[in-house]
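Just so it is clear, none of the values below were taken in a lab; they were calculated from the coordinates. Given the structure is predicted, the values throughout are model-derived calculations rather than measurements.
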Amino acid sequence: MPWNPDQYHKFQAQRAAPFEDLLHMIAVRQGLRVIDLGCGTGELTARLAEALPDSNVLGIDSSAQMLAKARPYVRPGLRFEQADLATIEGEWDLVFSHAAIQWVDDHAALIPHLWSLVAPGGQIAIQQPANHDHPSHVYAREIASEEPFRTALGGWVRVVPVLPMDRYAQMLFDLGAEDMTVLEKIYPHVLENADAIAEWTSGTLLVPYFERLGDLRESFMEIYRARLRETFPGSPVFYPFRRMLFAARRAP
């Protein structure tokens with residue numbers, strides 16, 4: 001997908017809060033082999049590397065646009081590569097991912113694959129948005145199913161692969177995980193108005209729709225903004241964003 005780093009960074013501070021929560025779920029040790037799946041523009045991967053002394057950290061992302069922004073953070077012990085997190089291989093002491101796996105389908109297959117990357121005694125730590133029932137997400141699916149967008153999209157609507165929280169707990173248990181934590185948290189964001197919600201989702205949720213809509217992109221956004229304004233007419237607007245975080249350790 002053609003990611004726009006500048007659009008994504010409009011709400012950088014808000015997106016960093018769950019990263020810090022996930023960071024606190026890590027058992028910090030020296031000299032770890034670390035992979036950050038979906039590193040984006042790299043500043044949070046650099047923060048991760050700072051928190052893990054003497055570790056070797058690799059950030060991967062599928063977006064060349066995002067990785068171009070990550071280059072200034074390269075240093076000994078921190079590097080970046082373009083790769084697909086769903087097919088990555090290797091053995092790592094920490095498999096880390098902040099707001100990325102929601103873009104990969106079939107989590108029933110993905111989680112065992114990611115677990116297979118964890119070295120004995122290592123840890124997995126993942127955060128993903130779970131806000132797909134909020135109107136900001138529901139309206140995108142509804143509008144995509146209406147004409148003329150339905151025809152332009154060929155009937156395509158993004159199906160969110162995120163599973164119920166207890167499914168991840170069960171999968172980790174079945175895989176033999178230890179010291180497991182699985183939780184959901186609502187991050188309370190106060191935005192200027194409904195249009196600010198549209199700005200937020202334009203950098204993430206709506207990207208695959210924009211990629212497919214071509215000249216209909218602005219028409220889609222006009223309807224999307226109108227529905228958000230009707231639902232959230234005031235100013236400021238409270239935007240509760242639900243996220244899921246889980247961490248677990250592989251036995252030595």
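Dividing the mean sequence gap of close Cα pairs (under 8 Å, 6+ apart) by how many residues the chain holds gives a relative contact order of 23 percent.
DSSP assigns beta bridges within segment 19-105; of those with both partners inside it, close to 5 percent run antiparallel. Within segment 5-249, what percent of beta bridges assigned by DSSP are antiparallel, to the nearest 5? About 50 percent, rounded to the nearest 5. Taken as Cα centroids, segment 32-84 and segment 184-237 sit 29 Å apart, rounded to the nearest whole angstrom. With axes computed from alpha carbons, what is the tilt in degrees of helix 217-231 against the longest principal axis of the chain, rounded to the nearest 10 within 0 to 90? That works out to roughly 90 degrees.
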